[in-house]
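Worksheet: the structure to be examined is printed underneath.
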Amino acid sequence: MAENKYLIFLGCAIPYRVSAYEISSRKVLQKLGVELVEMPEFNCCGLPLDPVSHEMMLILAARNLALAEQKGLNILTLCPGCAGTLKKVNKVLKEDKALREEINRHLKEAGLEFKGTADAKHIMQVLIEDVGLEKIKDTVVKPLTTLKVAEHNGCHILRPREFIGFDDPEDPKTLKTLIEATGATCLDYMDETECCGAPSVGVSDKIALQLARDKLNHIKMVDAQAMITICPFCHIMYDTNELRIEKMFNETYGIPILHYPQLLGLAMGLSPEELAIGELRVDASKILKQIAEGEK
Amino acid sequence: MVEKEPIKASEIDTKFKYEITKMHGGEKLMRCFQCGTCTSDCPVARFSETYRPRQIIRMTQLGLKERVLNSDTLWLCASCFTCTDRCPQGVEVASVIRVLRNLAAEKGIVPRVFKEQVSSVLDSGYAYKIPELRMKKRESLGLPPLPKGNPESICKTLRGLGFLKHLEKQGE
Ligand code: SF4
Ligand code: SF4
């Protein structure tokens, strides 16, 4: 399979309400020479339905992998949940013949078959493994050297270790390395790998928001000027909900939450408009100004 | 969870644990030695008075089937997999909880949000109903059209799955 050509798998959350992540990702990937092909048709990766029926999740994930196989391309996802699910199901079905046959009986009803010949990768993995740090650094024309940020990884691109195994779940390095490639400083803070709480929102808003607040407190403690995410759900938890959390718990943060491709795009010299930074709920003008001044 | 109620012998389903260990992800249930790592590292437990993964595992081992499957707290897990990664005994805690949720869902015990997502996938391929306006807006944002779902094909592949009957019952 061609190395830098992928089927882009948007998932459900991004087209529903996180366009800025898609816009900025497409922009930076284009700059890096990564070619994206649209999925011929789409269904949810299956993850949100796993709690209801594991078998349903397996079929839905396998269906997407089978479509990618037909196209002869690997999948690139922007959502760690989609990447984690497709990776896990790919591995399980490749290794467990009986289960593969059972799932294929379902897929056959729609004329599809899972063979295990396509891979699924999250954008972060594509950037670090296939594009490579050197190439990324070459595109950085405006290093963000005055900026101090905190990273937040998505759970499903780290855990479970046994199935994902792409970064160290207890001490993940990829996002940090990618952030540092932009010239910005990436700060360490307490409980860095802790979940944002998003999957619990539908069941208990309160617990989920307390979790998000916990993280915002920790990054405030180290004076991070922004948080960098690589997941649409984490982004909703921190950006969409930041003002709500401030009101609910009587806190002040004012910390903008940027999608990693937005950060990289700024370092590539793309404009805030091109990167849809205006779509962020938490005002990012302070750091944009700082970046602009840094250039002078 | 109603842990304060004394356990009656009649409540115990001695076969329950075997039901779980037969299922994908539940195989290592009996290895748990109740160290408490899962609960102490669980982000949800930190902010919940009632959610305790270690307790769910113990109740499952003991065979308190009805209590576990009817418990609201079962649905609080954020599926972050921290417990699974850190369990010293290799119990796939998050997957055991998912197995339990699947069994509850088969009996129709499932929070509404999950049912809505299943219905939406069956109708459109997407877990959320994406407003027409959003789809149109893509063009002005310079984004390619959204790939379409294929509900007919999706329904064919999912035919025969037990959970679907609970959707029909709802009249959806
Ligand atoms: S971490 Fe593992 S062994 Fe310890 S209580 Fe939880 S499930 Fe049991
Ligand atoms: S997967 Fe669920 S039980 Fe395990 S640590 Fe995360 S929220 Fe807690």
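The values are calculated or read from the model by the stated rules, or taken from the named source; none is laboratory data. Values in this document were obtained by computation on a predicted structure and should not be read as measured data. Here Cβ is always computed from backbone atoms with ideal geometry, including for glycine, and neighbour counts include all displayed protein chains. For the accessible areas, the whole protein counts, side chains as well, though only heavy atoms, and no ligand, DNA or RNA atoms are used. Shrake-Rupley method; radii C 1.70, N 1.55, O 1.52, S 1.80 Å.
Scanning region A:1-43 for residues that are crowded, with 24+ Cβ neighbours inside 10 Å, part of a helix (DSSP H, G or I) and of a type in the set (S, T, Y) yields a count of 3. The residue list A:A184, A:A198 contains one member that is touching a residue at least 24 places away in the same chain (Cβ under 8 Å), facing chain B (nearest Cβ under 10 Å) and surrounded by 23 or more Cβ atoms within 10 Å (Cβ to Cβ), which is A:A198.
The listed residues are B:L146, B:L141, and the only one of them that is open to solvent by 30 Å² or more (accessible area, probe 1.4 Å), more than 16 Å from ligand 1 (Cβ to nearest atom) and either touching a strand residue (DSSP E or B) at 6+ places or on another chain (Cβ under 6 Å) or facing chain A (nearest Cβ under 7 Å) (or both) turns out to be B:L141. In region B:65-82, the qualifying residues are those that are open to solvent by 20 Å² or more (accessible area, probe 1.4 Å) and either charged (D, E, K, R) or touching a residue at least 40 places away in the same chain (Cβ under 8 Å) (or both), and the one that is nearest to A:P160 (Cα to Cα) is B:D72. Looking at B:L103, B:L133, just one residue is away from ligand 1 (no atom under 16 Å from the Cβ), under 18 Å from B:V68 (Cα atoms) and more than 8 Å from chain A (Cβ to nearest Cβ), and that residue is B:L103.
Within region A:202-232, the set of residues being under 21 Å from A:N250 (Cβ atoms), in a loop (DSSP other than H, G, I, E, B) and within 15 Å of ligand 2 (Cβ to nearest atom) comprises just one member, A:S204. Residues in region B:93-121 that are over 24 Å from A:K206 (Cα atoms) and open to solvent by 30 Å² or more (accessible area, probe 1.4 Å) were compared, and the one that is nearest to the chain's Cα centre (by Cα) is B:E106. So, B:D13, is that one open to solvent by less than 80 Å² (accessible area, probe 1.4 Å) and away from ligand 2 (no atom under 16 Å from the Cβ) or not? Taking the combined requirement at face value, the residue satisfies it.
Residue-level analysis places B:C42 among those that are within 13 Å of ligand 1 (Cβ to nearest atom), within 14 Å of another protein chain (Cβ to nearest Cβ) and touching a residue at least 24 places away in the same chain (Cβ under 8 Å).
Take B:G162 and tell me if it is open to solvent by less than 70 Å² (accessible area, probe 1.4 Å) and facing chain A (nearest Cβ under 7 Å). Before the answer, list the steps.
Working: open to solvent by less than 70 Å² (accessible area, probe 1.4 Å): yes; facing chain A (nearest Cβ under 7 Å): no.
Judged against the criteria, B:G162 is not a match.
Against the criterion of being surrounded by 18 or more Cβ atoms within 10 Å (Cβ to Cβ) and either among the β-branched types (V, I, T) or more than 15 Å from A:P51 (Cα to Cα) (or both), B:F47 qualifies.
Counting only residues that are in contact (Cβ under 8 Å) with a residue 40 or more places away in the chain and within 29 Å of A:T177 (Cβ to Cβ), region A:93-137 holds 17 of them. Within region A:26-54, the set of residues being over 22 Å from A:K71 (Cα atoms) and more than 9 Å from chain B (Cβ to nearest Cβ) comprises A:K27, A:V28, A:K31, A:L32.
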